[in-house]
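The values are calculated or read from the model by the stated rules, or taken from the named source; none is laboratory data. All figures in this text were calculated on a predicted structure; none of them were measured in a lab. All Cβ positions, glycine included, derive from the backbone under ideal geometry; neighbour counts span all protein chains shown.
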């Protein structure tokens, strides 16, 4: 009898512990999309996954913005970055691009990684494109329906009363500023009477065709590549220079939450603030810590995407920020003609 009582007590304690852990996980910054909305006929993650690509430095045939480029980059700068990427204890990928010239440095940029919430930024590129074309407006009203939209993880909308009406402007702000999963689902759930504006499948098909950027895998869920995300962020930046809507989007990205990855690798002023504005979107989920950012380095902004398949906020923030520091040194050399031989 005593053994049975002891067993029951131990079982109860374990149940409470598991329950407590599960409850805590809902409050973490782990976020993804509802996998029920990913068609199963999308090719399997393993079948789509490209082999790890080499560390590649690519000078453009002609400078896109007319800025001059050095003939070479010091080998010690490139070796430092390559060694850091190669020595990582988990898989990683990187895409760097000088936005004024098109010069790039890439690493594993075609390899697929879990997307987490980084998928939201390229998805919104198409939402803003629809806004530009007048197909939808920022004042369009969308009704939050618990049955169709509620999704756990990050965000505030999941706690709102069923039937709450939000404008598209508000939904976009929730998605970008606090990475709200439920707000995101209000846009990608186009089934039944859910509303929505663009399904995940349509988004994936468009992005893959136009930017060689896959985002769905039937067996894995949401995926992405550093190159695909990089090309779509380049388009967001390009459009922001000629469109008030896209300029607003970039301003939102400058104020997006968890700006502690790429930005942390940049120099700061005396108050600890970064010397450069950073428009970014992060993503964290099981086996995914990602960040993509436009760094406004004076008149020579650049783009950096870093993906990993490891979740540990502290160590991954350090790894990504160290990569960011290495990339900044390359970009500084690129922009300072007095250092060229």
### Residue selected from segment 251-260 under the condition crowded, with 19+ Cβ neighbours inside 10 Å and either out of contact with any strand residue (DSSP E or B) (no Cβ under 8 Å at 6 or more places or on another chain) or modelled with pLDDT of 95 or more (or both), by the criterion farthest from residue 295 (Cα to Cα)
256
### Task
Test residue 295 against the stated conditions and say whether it is assigned to a strand (DSSP E or B), touching a strand residue (DSSP E or B) at 6+ places or on another chain (Cβ under 6 Å) and farther than 18 Å from residue 115 by Cα.
yes
### Message
Out of 170, 135, I need the residue that is over 27 Å from residue 284 (Cβ atoms), without any contact (Cβ under 8 Å) to a residue 24 or more places away in the chain and out of contact with any strand residue (DSSP E or B) (no Cβ under 8 Å at 6 or more places or on another chain). Which one?
### Response
135
### Message
Can you find a residue that is buried (at least 23 other Cβ atoms within 10 Å of the Cβ), more than 26 Å from residue 244 (Cβ to Cβ) and touching a helix residue (DSSP H, G or I) at 6+ places or on another chain (Cβ under 6 Å) anywhere in segment 139-151?
### Response
yes
### Query
How many residues, within segment 291-319, are within 14 Å of residue 93 (Cα to Cα) and at pLDDT below 95?
5
### Task
Scan segment 261-283 for residues that are surrounded by fewer than 13 Cβ atoms within 10 Å (Cβ to Cβ) and outside any loop (DSSP other than H, G, I, E, B) and jot them down.
268
### Task
Scan segment 219-229 and give yes if some residue there is at pLDDT 95 or above, within 23 Å of residue 97 (Cα to Cα), touching a strand residue (DSSP E or B) at 6+ places or on another chain (Cβ under 8 Å) and surrounded by fewer than 22 Cβ atoms within 10 Å (Cβ to Cβ), otherwise no.
no
### Query
Taking residue 29, is it farther than 15 Å from residue 327 by Cα, modelled with pLDDT under 95 and in contact with a strand residue (DSSP E or B) (Cβ under 6 Å, 6 or more places away or on another chain)?
yes
### Query
Is it the case that segment 87-95 has a residue that's surrounded by fewer than 18 Cβ atoms within 10 Å (Cβ to Cβ) and under 29 Å from residue 252 (Cβ atoms)?
no
### Query
So which residues in segment 64-87 are under 20 Å from residue 329 (Cα atoms) and in a loop (DSSP other than H, G, I, E, B), if there are any at all?
67, 68, 69, 70, 71, 72, 73, 74, 87
### Message
Can you tell me how many residues within segment 233-248 are under 20 Å from residue 168 (Cβ atoms), part of a helix (DSSP H, G or I) and in contact with a helix residue (DSSP H, G or I) (Cβ under 9 Å, 6 or more places away or on another chain)?
### Response
7
